[in-house]
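Visitor: Would you mind keeping the following structure in view while I ask a few things?
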Amino acid sequence: MVVPRDIRHRIERADFDAVELAWLEDMENQAEDIEHFVGIGRALVGASQGDLARTLLELLDEELKIRDLQALRLELLRSAGPVMVPKGRFHSAVLTTLRDLHGSNPSLEGLIETLALDRAHKEPSQTWDRVARLESLLLFTVDTVVWVEGHGPGAVVEVNYGLESFKVALETGADIRVGFRAAPKLLDALEDDHFLVRKRNDLDTFAAMKPPQVLEHVLTSFDRPMTGAEIRDAVQGLVDRSRWNSWWTSAKKHPQVVASTEIRNAYSWAGTTEEASDALWERFKRARPKERVELLRKASTQDEELIDKMSMALLDHAATASSSSPGLAFEIYCALDKPGKAPEDALEELVTNANWRLLIEGLQGRQLRLRAYNLVREYREEWVDLFAEAMSKEPEAALLSHLAAALAESHRETLDRLIQKAVAQPVATPALFTWVAEEAARDERLLDRYRGRLFRKILDAPGREAFRGYRRRFIPMCESGGTLPKLLGYLSPEEAPDALEAIQRASGYSTDDRQGLSDALVLKFPSLDETEDPLWALASSIDTKHAELKEVVENEIPENRRAIETAREMGDLRENFEYKAARQRHELLTSRAEALATELARVRAVDLARVDCSQVRVGTCVSVRAGDGQTRDITLLGPWESDPDRDVLSYLSEVGQALLGAGPGASVDLRDGSVEVVEIHPAQPPEASP
C-alpha cells in the first residue's frame, strides 16, 4: 500500500494535525479507497501514533456506515482490524459489521452458528476464513434461482443447518442436496435480470417470443458459450422436450448465433450480424476441410458474400480430394447442394469414377452413406457386388436393412449367401451378424433355416471381443418377443441339449436372462431337466415362499424359542400347558421350514413371456370344447397358484396331467368325458385374470 508522498513527509515531520486534516478531506472525496486509508493508518502506527490511527480509522468506519457502504466497512475491518479495534473487541466488531451488512438475509444467524462464527477464534485468519465461507453461502437463500453444475436450473427450497446442506428443486422435477462445502463450486446464484429468474417469474412473456429471441436472452444472460444441452436445460419448462429439436433448429438459424471456437458444439450471441459473419469467416480460415463443411452448413443464415467465399474455398478442396479422398469430396458436394453452389452432375461423376472403398470409408454420417448407396445403385452396373461388399463392413443396422432390401428385390441368392456366411463365422462380420440376429425376430425364414445354430451363436457372441461394441444390442434378444425366445419354438429335441449347454456357457448375459431361457427350454423339453421331480411355479409365488421361509426362520422360530424358555421357567413341565403348547408349535414351525426349504430347492420358474404354446404346458391357457359344444378355458400353473374356482389348475392335478402335452385338435379323456383342445395361448398372471 503506497502512502502519498505529501502525507509521508508530514508524518516524518510529526505534523500530525496536517495528517488529520488531509484524512478528513480525503474522506469527503474518496472514502471508498480503503487501501489509501489503511496505508496511512499503518504509517502512523510505524510512527508510534497508534491511538491517532485508531481514531482516524474509526472516523472512516463511521463515514462508511453513514453512507451505507457496509461491504467496505467489512473490508476495512479485514485490512486494518488489528490497528482499528482492540484485540478483545475484534470478534464482536466482525459480528456487528456482518449483521449490519447482511442483517436482512434470513440465513445469516443460522449460518453464523453452523460455521462457529458466534465464538471467538485464536487467530484472525480463522475468523476471516469463516467469514468468506459465510458470504459465499449467504447467496443461496430459499427461493434463490440457481444454475446447478451438471443438472441445469433449479431453486433453493430449503437451508438445512443440521445437515449443512441446501435442498434444490430442479426444473426437471427432481430434488438434490448440495453440501455447504460443495455449494460455492456447484451452485451459481443468478441475478434478478437473468433469463432463468425472469422466466420463473414471467413465463408467459417468454412463451410469446420467437425461438431466436429467447435464445438471445439465454446466451446474453450467461455471457459465455453454451452447449446445446445447456441451452435445452435453460429453456426447460418453456420448450417441451418433444418440441426441442424443431425449436433449436429454428433458434440457432439466427445470424447472430456464433459457434464457439474453443468449446465443441457451444454457441454465443454476437453483437451484430456483421460481427457474427466475421467471426465465422475467421474460424473457417483456420479450420480443416471437414470442419469447413460443417461451418458452411452453420453459415446458411449468414450473408451471401460469406457463403460464396466459403463455397469457392470448398470447391477447391473437392477438386483436389476427388481421387485421394473421394469421401471428403462427396461430403463437400452434398454440403454445397443446399445453397445451390455445387457444380451440375458433380456427385454423379464422382460416384461413377471414384474408388468405391475409399468413398464409403471416408463417409462418417449415416445420411451421407445412404445417399452414396442410392447413387451407386443408380449409376454403377456392378452395384450388386459393391452392396455385397458393403454389407460385410457397414456398421449401421438401418443401412444394413437398406442394403438387404435392395438385394432382396432382385438378387435374393446373394443376400442369402451373405447371411449364411455371417451365421457360420460371426466374428468375421460382427455388425452383419448382430443385424441378422435382430432381423431373425421378424423373419420366420431365418428362424426356421438356422434354428439351433443361430440360437447357439447368439448366446456365444457377446462374450467375444469382436462384439464389444454390439453387446448392448444382444440383451433385448432375451426378452419376450426377442430372437432367442422365438428360436425356442423352432428347436428340435435333437438340438435341445446343445441349446441348453449354450445357455449355461453364455457369458454375455445376466444370470436371470440365462435362467429364464433355461427354464423355458426345459419346460418345452422336460427330459432335459436333471432335477428329480421339479416343482414349477411363477416367480411371484417363489418370492412369496422365500419370504414365508425367511419369516419362519428369522422371526417365528426365534420367538417360539423364547416362549419355550419363558414357559420352562414356570416350573413343573409335566403340568405346564404353556410349555407343551410352545413345544408343539416348535415342531410345527420346524416341519414347515423344512418343507418350504425342500420345495424351494427343486422349484423352477415359469416365464409366461417365453412359454411355448405348440402344445399344452405349464404356463398355458387351454380352451377345450366338451361334447355338448360348451367351451371352457383352463389355465395350468403350479400347485402354489392353483385356484379351481377361477379354472386355474395345478399341472399336478388329474385334469392337468391329462391335458399336458396335448396339441390343438387333440381329444383328451377327462373324468366327465372327452374334450377337444381348441386353442392354446400363454397364461395371464393371476392378478390379470378376469
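The values are calculated or read from the model by the stated rules, or taken from the named source; none is laboratory data. Here the structure is a predicted model, which is why all the values come from computation and not from measurement. Cβ placement follows ideal geometry from the backbone for every residue including glycine, while neighbour counts extend to all protein chains displayed. When the accessible area is computed, the model is the full protein with side chains, heavy atoms only, and any ligands, DNA or RNA have been set aside. Shrake-Rupley method; radii C 1.70, N 1.55, O 1.52, S 1.80 Å.
Visitor: Between a residue in region 442-467 that is closer than 17 Å to SER492 by Cβ and touching a residue at least 60 places away in the same chain (Cβ under 8 Å) and any residue that is open to solvent by 10 Å² or more (accessible area, probe 1.4 Å) and acidic (Asp, Glu), which pairs come within a Cβ distance under 8 Å, given they are 6 or more apart or on different chains?
Guide: none
Visitor: Quick one: which residue in GLY482, GLY452 is surrounded by 15 or more Cβ atoms within 10 Å (Cβ to Cβ), touching an Asp or Glu at 6+ places or on another chain (Cβ under 7 Å) and small (Gly, Ala, Ser)?
Guide: Residue meeting the stated conditions: GLY452.
Visitor: State which residue pairs qualify: first residue under 16 Å from VAL218 (Cβ atoms) and inside region 240-253, second residue hydroxyl-bearing (Ser, Thr, Tyr) in any location, beta carbons under 8 Å apart, and separation of 6 or more residues or different chains.
Guide: Note: pairs meeting the criteria are LYS252/TYR267; LYS253/SER300; LYS253/THR301.
Visitor: When you go through LYS65, LYS87 one by one, which is the residue that is under 52 Å from the mean Cα position of the chain (by Cα), of a type outside the set (A, V, I, L, M) and at pLDDT below 90?
Guide: Numbers: LYS87 fails: under 52 Å from the mean Cα position of the chain (by Cα).
None of the others qualify; the one that does is LYS65.
This table checks each residue for (1) of a type in the set (A, V, I, L, M); (2) closer than 15 Å to LEU523 by Cα; (3) in contact (Cβ under 8 Å) with a residue 60 or more places away in the chain.
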residue: LEU600; (1), (2), (3): yes, no, no
residue: CYS613; (1), (2), (3): no, yes, yes
residue: ARG671; (1), (2), (3): no, no, no
residue: VAL677; (1), (2), (3): yes, no, yes
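Visitor: Check off (1) among the charged types (D, E, K, R); (2) under 29 Å from the mean Cα position of the chain (by Cα); (3) surrounded by 14 or more Cβ atoms within 10 Å (Cβ to Cβ) for ARG472 and give me the number that stays unchecked.
Guide: ARG472 satisfies all of (1) among the charged types (D, E, K, R); (2) under 29 Å from the mean Cα position of the chain (by Cα); (3) surrounded by 14 or more Cβ atoms within 10 Å (Cβ to Cβ) except (3).
Visitor: Looking at the structure I just gave you, is GLU331 acidic (Asp, Glu) and at pLDDT below 85? Let's see the steps before the verdict.
Guide: On the way: acidic (Asp, Glu): yes; at pLDDT below 85: no.
Taking the combined requirement at face value, the residue does not satisfy it.
Visitor: With the requirement that a residue be in a helix (DSSP H, G or I) and more than 13 Å from MET391 (Cβ to Cβ), what does region 427-449 give you? Break it down stepwise before answering.
Guide: Let us first name the residues in region 427-449 that are in a helix (DSSP H, G or I), namely 427-428, 430-442, 444-449.
Once the filter is applied, which keeps residues that are in a helix (DSSP H, G or I) and more than 13 Å from MET391 (Cβ to Cβ), region 427-449 yields VAL427, ALA437, GLU438, ALA440, ALA441, ARG442, GLU444, ARG445, LEU446, LEU447, ASP448, ARG449.
Visitor: Right, next: So which pairs qualify, if the first residue must be in region 89-103 and within 12 Å of ARG78 (Cα to Cα), the second must be modelled with pLDDT of 90 or more and open to solvent by 60 Å² or more (accessible area, probe 1.4 Å), the Cβ gap must be under 7 Å, and the two must be at least 6 apart or on different chains?
Guide: Matching pairs, first to second residue: none at all.
Visitor: Kindly indicate which of ALA120, ALA182, ALA169 is of a type in the set (Gly, Ala, Ser) and more than 30 Å from TRP244 (Cβ to Cβ). Quick ask: steps written out before the conclusion?
Guide: Working: ALA182 fails: more than 30 Å from TRP244 (Cβ to Cβ); ALA169 fails: more than 30 Å from TRP244 (Cβ to Cβ).
Unique residue meeting the criteria: ALA120.
Visitor: Of all residues being in a loop (DSSP other than H, G, I, E, B) and at pLDDT below 90 in region 668-686, which is least open to solvent (accessible area, probe 1.4 Å)? Just the residue, please. First the steps, then the outcome.
Guide: Step one: filter region 668-686 for residues in a loop (DSSP other than H, G, I, E, B), giving 671-672, 683-685.
From the residues that got through so far, the ones that are at pLDDT below 90 too are 671-672, 684-685.
On the way: ARG671: 189, ASP672: 153, GLN684: 107, PRO685: 47 Å².
For region 668-686, the residue satisfying everything is PRO685.
Visitor: Consider GLU465 carefully, then state whether it is modelled with pLDDT of 95 or more, under 27 Å from the mean Cα position of the chain (by Cα), of a type in the set (Asp, Glu) and open to solvent by 20 Å² or more (accessible area, probe 1.4 Å).
Guide: Working: modelled with pLDDT of 95 or more: no; under 27 Å from the mean Cα position of the chain (by Cα): yes; of a type in the set (Asp, Glu): yes; open to solvent by 20 Å² or more (accessible area, probe 1.4 Å): yes.
When the stated conditions are applied, GLU465 does not pass them.
Visitor: Could you tell me how many of the residues in region 55-80 are in a helix (DSSP H, G or I) and surrounded by fewer than 18 Cβ atoms within 10 Å (Cβ to Cβ)?
Guide: Filtering region 55-80 down to residues in a helix (DSSP H, G or I) leaves 55-66, 70-80.
Still in the list and also surrounded by fewer than 18 Cβ atoms within 10 Å (Cβ to Cβ): 55, 58-59, 62-63, 65-66, 70-71, 75, 78.
So the answer is 11.
Visitor: Any residue in region 514-537 that's of a type in the set (Lys, Arg): show its pairings with residues that are at pLDDT 80 or above and assigned to a helix (DSSP H, G or I) at Cβ separation under 7 Å, as long as the two are six or more apart or on different chains.
Guide: Once the first residue is of a type in the set (Lys, Arg) and sits in region 514-537, its partners that are at pLDDT 80 or above and assigned to a helix (DSSP H, G or I) give ARG514/ILE503; LYS524/LEU488.
Visitor: Kindly indicate whether any position in region 106-126 is over 19 Å from LEU77 (Cβ atoms) and either in a loop (DSSP other than H, G, I, E, B) or of a type in the set (Phe, Trp, Tyr) (or both).
Guide: Of region 106-126, the ones over 19 Å from LEU77 (Cβ atoms) are 106-107, 109-110, 113-114.
Filter once more, keeping what is either in a loop (DSSP other than H, G, I, E, B) or of a type in the set (Phe, Trp, Tyr) (or both): 106-107.
Yes, region 106-126 contains a residue that is over 19 Å from LEU77 (Cβ atoms) and either in a loop (DSSP other than H, G, I, E, B) or of a type in the set (Phe, Trp, Tyr) (or both).
Visitor: On to the next question. May I ask you to say which residue of VAL655, VAL624 is part of a helix (DSSP H, G or I), crowded, with 19+ Cβ neighbours inside 10 Å and out of contact with any helix residue (DSSP H, G or I) (no Cβ under 7 Å at 6 or more places or on another chain)?
Guide: Numbers: VAL624 fails: part of a helix (DSSP H, G or I).
Testing whether each residue is part of a helix (DSSP H, G or I), crowded, with 19+ Cβ neighbours inside 10 Å and out of contact with any helix residue (DSSP H, G or I) (no Cβ under 7 Å at 6 or more places or on another chain) leaves just VAL655.
Visitor: Restricted to region 1-42, and to residues that are open to solvent by 30 Å² or more (accessible area, probe 1.4 Å) and of a type in the set (A, V, I, L, M), which residue is modelled with the lowest pLDDT?
Guide: Checked region 1-42; the qualifying residue modelled with the lowest pLDDT is MET1.
Visitor: Using the structure shown, decide if GLY489 is small (Gly, Ala, Ser) and crowded, with 17+ Cβ neighbours inside 10 Å.
Guide: Numbers: small (Gly, Ala, Ser): yes; crowded, with 17+ Cβ neighbours inside 10 Å: no.
Considered against the rule, which asks whether it is small (Gly, Ala, Ser) and crowded, with 17+ Cβ neighbours inside 10 Å, GLY489 comes out as no.
Visitor: Could you identify the single residue in LEU238, LEU295, LEU219, LEU215 that is hydrophobic (A, V, I, L, M, F, W, C), surrounded by 12 or more Cβ atoms within 10 Å (Cβ to Cβ) and closer than 24 Å to LEU368 by Cβ?
Guide: On the way: LEU238 fails: closer than 24 Å to LEU368 by Cβ; LEU219 fails: closer than 24 Å to LEU368 by Cβ; LEU215 fails: closer than 24 Å to LEU368 by Cβ.
Of the residues listed, the single one that is hydrophobic (A, V, I, L, M, F, W, C), surrounded by 12 or more Cβ atoms within 10 Å (Cβ to Cβ) and closer than 24 Å to LEU368 by Cβ is LEU295.
Visitor: Turning to a different aspect of this structure: With respect to PRO485, determine if the residue is in a helix (DSSP H, G or I) and in contact (Cβ under 8 Å) with a residue 60 or more places away in the chain. Can you show your working first?
Guide: On the way: in a helix (DSSP H, G or I): yes; in contact (Cβ under 8 Å) with a residue 60 or more places away in the chain: yes.
So PRO485 fits the description; yes.
Visitor: Might you let me know whether region 421-434 holds any residue that is touching a residue at least 40 places away in the same chain (Cβ under 8 Å), over 28 Å from LEU359 (Cβ atoms) and either of a type in the set (Asp, Glu) or surrounded by 14 or more Cβ atoms within 10 Å (Cβ to Cβ) (or both)?
Guide: no
Visitor: Which residues, counting only those in region 127-153, are in contact with a Ser or Thr (Cβ under 9 Å, 6 or more places away or on another chain), over 30 Å from SER79 (Cα atoms) and at pLDDT 90 or above?
Guide: VAL142
Visitor: Also: Any idea which of THR352, THR414 is exposed (fewer than 15 other Cβ atoms within 10 Å of the Cβ), assigned to a helix (DSSP H, G or I) and not aliphatic (A, V, I, L, M)? Lay out the reasoning, then the answer.
Guide: On the way: THR414 fails: exposed (fewer than 15 other Cβ atoms within 10 Å of the Cβ).
So the residue among THR352, THR414 that is exposed (fewer than 15 other Cβ atoms within 10 Å of the Cβ), assigned to a helix (DSSP H, G or I) and not aliphatic (A, V, I, L, M) is THR352.
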